[in-house]
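The values are calculated or read from the model by the stated rules, or taken from the named source; none is laboratory data. Just so we're clear, the structure is a prediction, and the values are computed from it rather than from any experiment. Every residue, glycine as well, gets a Cβ built from its backbone with ideal geometry; the counts of neighbours run over all protein chains shown.
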C-alpha cells in the first residue's frame, strides 16, 4: 500500500503551519483546517521577539538553550520576515546589577553569545535609551513579522502540496467503533456548507483554544488562555530589542518592528480566548514601564493596543512533556482515544523544533520512518502561500 | 475613572455566496478610544458568529485588516472609533474595493500577493533604504535592517481608479515594491516588470494610493520615481555600451 | 484584485465621495477632456459650414452671438484652461518632480485658472 498517510491539522498558527511543513516533507498528505485566517489567533498577536534565550538563561536553561539554537536556525531559513539587529539587556539599579552575574553565567551555560557594554557604548548604540542605564549586555535578539513567519511555513507546506482550508470551522469529530477518530466535521464559513474530511490522524494545534476543540471529542485538555496586553507606539525609538536586566517581569521589553516600538506584556487568566477586552490599567502600566526604558516614549502616541492569549497548560495534566517548553498529548495514551493528538504551549521562536518533535511522535504512530528535514531548507517565499497559477 | 461609553450603529455589509449583499446593523456600546477592529471582533464574538473578517497582528504590521470604513480605506486595527464617528453615529464597514469578495469582509488576496511575489522585493532592507529617501537615516551608517514599510494591506489598490477598471494593472503596491528594489539593485528584469502598459504607465495620477496608505510607503511618489528610472534606462539603452556596468539610476 | 475584467465599473471614476484632492483633479481632468472633445467635434462641424457658402456661414455667425452660445464658449475656455494647467501638473509629476507637493500645486494652478477664466469672461462680456 503506497498511499501517503492523511493528517489533518486543526489550527493555522505557528504550530499548525510549521507542523504542516514538517509532515509534508516527511511524505504525509496534510490538510490544515482553520476557522479564521493564517495566524489570526495567538500567533498573529505575538510582539514578534526572536528570542536569543537571554530572558530564560537564569530561570529555565533548557528553554534558553532551545531558544538560541532555533534563533540561529530561523535566521538562516526565514530571513524574509526577521529584523536582526541584536538586542540589549540593561541594568538600571542595584538589583539589576546583582542579577547580572547570574545572567552572564547563565548565558554562557546556554551557549548564548553576550558582550558586556559600558554605559557610553550603550547610549552611543541607542541614543534614546534611558540615561539611568548603568551598563548592559548585547545579545542576539531580533524581531519578526508574526504573520509572515507563519505564512513562510504555510507557503513551504503548500509548495509541497499541503492544503489549507481557511474559514473552515471544526464542529465535530467522527469516531468509529474502535474509539478511533476517523474524520473531522467542518463548516465552510464562506458558504455555510458542512463538509467531512477523513484522516488517519488528527492534530489539534489550536493553542489557547485546544481545550475547546478537544471538548468536541469528549476529551479534557487543561489549557488556560492566559492573555497579556501589548502596546505598539508609532515611532521606532530603538533599532535593537531592549530588555531590562532582571527576572522576567511585566513590561520589561521593547521591540522595534518596522516604524514602531512594541512593549509587552502582562499575564492574567480568562475562560474564553475569543474576545478579551482591553484593560486600561494594564495599558497604563505598559506606558509607564516603556517610558522607564526609553523616556522618549512618554510623548509618542500609541498606534495599536491589543491582548494576546498565551496557551498555558494547567497543573494536573497527564500529557507527556516532549519538552519543558510545550506539551503534547497523545490521546491514545492519556484517554484511550486513537488517532488524535493535541499539541499546545511553546513560543514562536521555537515553533520549528516544536513541530519537529511532534512530527517525530506522529510519524512513529503512523509508521512513517522519514526524518525531519526542516532545519536544512530555507523556507519558501511567503507569497507562495497563495499559489501562482 | 473610565471614559463614558458611546452608542454607535455598526452597519456591516454582509454577503455570502448565493446571497445578495446587504447591510446588517449592529448597535454597539463602545469606548471611543477603541479601534474599529475591536468592535468588529466583539460583534463576532458576542452577537453574530457568522460574520467573517480577517485579522492577525492588531498593530499594523501584518496588513490583513484593511476595510472601507464610512467609504474610506482604513487599517481597522489602528483606526479609533472616535476618528470616524461620534456618539450616536454610524460606522459603515465594507470590504475593500477592487478585490473579489469571498464573504462579508474577507477578500481574495491571491492575485494581489502574486503581483507582489513577482517583484521578488526584499521584505527586509537596510534601514536607510527601507525609509523614503527624504527621511534622515538614524543609524549613522551602521548596517542595521528593518522590515520595509509596505505591509501588503491592499488599501492602495482599493482606492486606485485604474485598479477599479483594470484587473491586470500591477497596482501601486507592486510598483512601489519594484521602485524600492531598484534603489538597492539595478536589474533589467525589474525594469521590464514595470515598463509595460499595465505597469508604471497605467497610473493616471489620482494619488489616492498615497492618501490611504497607512504605512508611509507613498506609492504615488514611488511610481513617479519609477517612471523616471524607466525613462532614464530606456534613454541609456539607446546608446549600447560595449561593457554593461552596474547602473545606479 | 479581481480575476475578471471590470471595465463596466468606469462610472466609479467620477465618484468623488470619500476621495481627496488628487481625485478631484482626476475627475476634473476627465470631465474637461470629454467637454473639449465634444467641442472639437462641434467646431469641425461649424468649420464645414465655411465650405457651404456665405449664407450658411452668416447664419452661423448670427447664432454665435446668442448669449447661450457665448456662455457655452465660456465653459469651453474654462475647460481648456483647467485641463491645460492641470495637464502641466500631471506632466511634471509624471516625470517624478514635485509629487510630494501635488496638492499645493493643484490649488495654485486652479487659482491661476480661476483668475484667467475671470479675465477672459470680463473681456468677452464687456465687449458685447
message: Taking the condition of being more than 8 Å from chain B (Cβ to nearest Cβ) and not in a loop (DSSP other than H, G, I, E, B), how many residues in the range A:252-283 meet it?
response: 9
message: Among the residues that make up the range B:66-76, is at least one of them at negative phi, crowded, with 22+ Cβ neighbours inside 10 Å and in a loop (DSSP other than H, G, I, E, B)?
response: no
task: Please find, within the range B:40-52, the residue that is surrounded by the most Cβ atoms within 10 Å (Cβ to Cβ) out of those that are more than 8 Å from every other protein chain (Cβ to nearest Cβ) and in a loop (DSSP other than H, G, I, E, B).
output: B:51
task: Considering only the range B:100-118, state which residues are within 16 Å of the chain's Cα centre (by Cα) and either assigned to a helix (DSSP H, G or I) or facing another protein chain (nearest Cβ under 8 Å) (or both).
output: B:100, B:106, B:108, B:109, B:110, B:111, B:112, B:113, B:114, B:115, B:116, B:117
query: Which of (1) under 30 Å from residue B:102 (Cβ atoms); (2) modelled with pLDDT under 90; (3) more than 7 Å from chain B (Cβ to nearest Cβ) does residue C:6 not meet, given it meets every other one?
result: (3)
- request: Taking the residues in the range B:167-183 that are surrounded by fewer than 24 Cβ atoms within 10 Å (Cβ to Cβ) and part of a loop (DSSP other than H, G, I, E, B) as candidates, determine which candidate is nearest to the other protein chains (Cβ to nearest Cβ).
  value: B:167
message: Against the conditions (1) more than 12 Å from chain B (Cβ to nearest Cβ); (2) buried (at least 17 other Cβ atoms within 10 Å of the Cβ), where does residue A:146 fall short? Just the number, please.
response: (1)
- prompt: Checking residue B:85 against (1) farther than 18 Å from residue A:190 by Cβ; (2) in contact with a strand residue (DSSP E or B) (Cβ under 6 Å, 6 or more places away or on another chain); (3) in a strand (DSSP E or B); (4) in contact (Cβ under 8 Å) with a residue 60 or more places away in the chain, which test does it fail?
  reply: (3)
- prompt: Do any helices (runs of 4 or more DSSP H) entirely within the range B:119-166 hold 3 or more residues that are surrounded by 24 or more Cβ atoms within 10 Å (Cβ to Cβ), more than 9 Å from every other protein chain (Cβ to nearest Cβ) and in contact (Cβ under 8 Å) with a residue 24 or more places away in the chain, and if so, which?
  reply: B:155-159
field: Count - residues of the range A:126-161 that are under 27 Å from residue A:13 (Cα atoms) and either outside any strand (DSSP E or B) or at pLDDT below 95 (or both)
entry: 19
- prompt: Conditions: (1) within 19 Å of the chain's Cα centre (by Cα); (2) closer than 30 Å to residue A:140 by Cβ; (3) not in a loop (DSSP other than H, G, I, E, B). Residue A:210 meets all but one. Number of the miss?
  reply: (2)
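Each row is one residue, and each column tells you yes or no for (1) assigned to a loop (DSSP other than H, G, I, E, B); (2) without any contact (Cβ under 8 Å) to a residue 12 or more places away in the chain.
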| position | (1), (2) |
| --- | --- |
| A:305 | no, no |
| A:308 | no, no |
| A:312 | no, no |
| A:329 | no, no |
| A:349 | no, no |
| A:360 | no, no |
| A:364 | no, yes |
| A:368 | yes, no |
| A:383 | no, no |
task: Kindly indicate whether any position in the range A:355-376 is more than 14 Å from chain B (Cβ to nearest Cβ) and closer than 21 Å to residue A:37 by Cβ.
output: yes
task: Scan the range A:242-251 and give yes if some residue there is within 30 Å of residue A:335 (Cα to Cα) and in contact with a strand residue (DSSP E or B) (Cβ under 7 Å, 6 or more places away or on another chain), otherwise no.
output: no
Among (1) in contact (Cβ under 8 Å) with a residue 24 or more places away in the chain; (2) touching a helix residue (DSSP H, G or I) at 6+ places or on another chain (Cβ under 8 Å); (3) within 14 Å of chain A (Cβ to nearest Cβ); (4) not in a helix (DSSP H, G or I), the one test that residue B:55 misses: (1)
query: Which ones in the range A:330-379 are crowded, with 21+ Cβ neighbours inside 10 Å and more than 30 Å from residue A:211 (Cα to Cα)?
result: A:379
- prompt: Can residue A:88 be described as more than 14 Å from chain B (Cβ to nearest Cβ) and either closer than 20 Å to residue A:304 by Cα or at pLDDT 95 or above (or both)?
  reply: no
So residue B:190, is it buried (at least 19 other Cβ atoms within 10 Å of the Cβ) and either at the interface with another protein chain (Cβ under 10 Å from one of its Cβ atoms) or modelled with pLDDT of 95 or more (or both): no
task: Would you be able to say whether some residue in the range B:82-94 is within 8 Å of another protein chain (Cβ to nearest Cβ) and surrounded by fewer than 20 Cβ atoms within 10 Å (Cβ to Cβ)?
output: no
message: Looking at the range C:97-117 only, could you name the residues that are surrounded by 19 or more Cβ atoms within 10 Å (Cβ to Cβ) and facing another protein chain (nearest Cβ under 8 Å)?
response: C:99, C:102
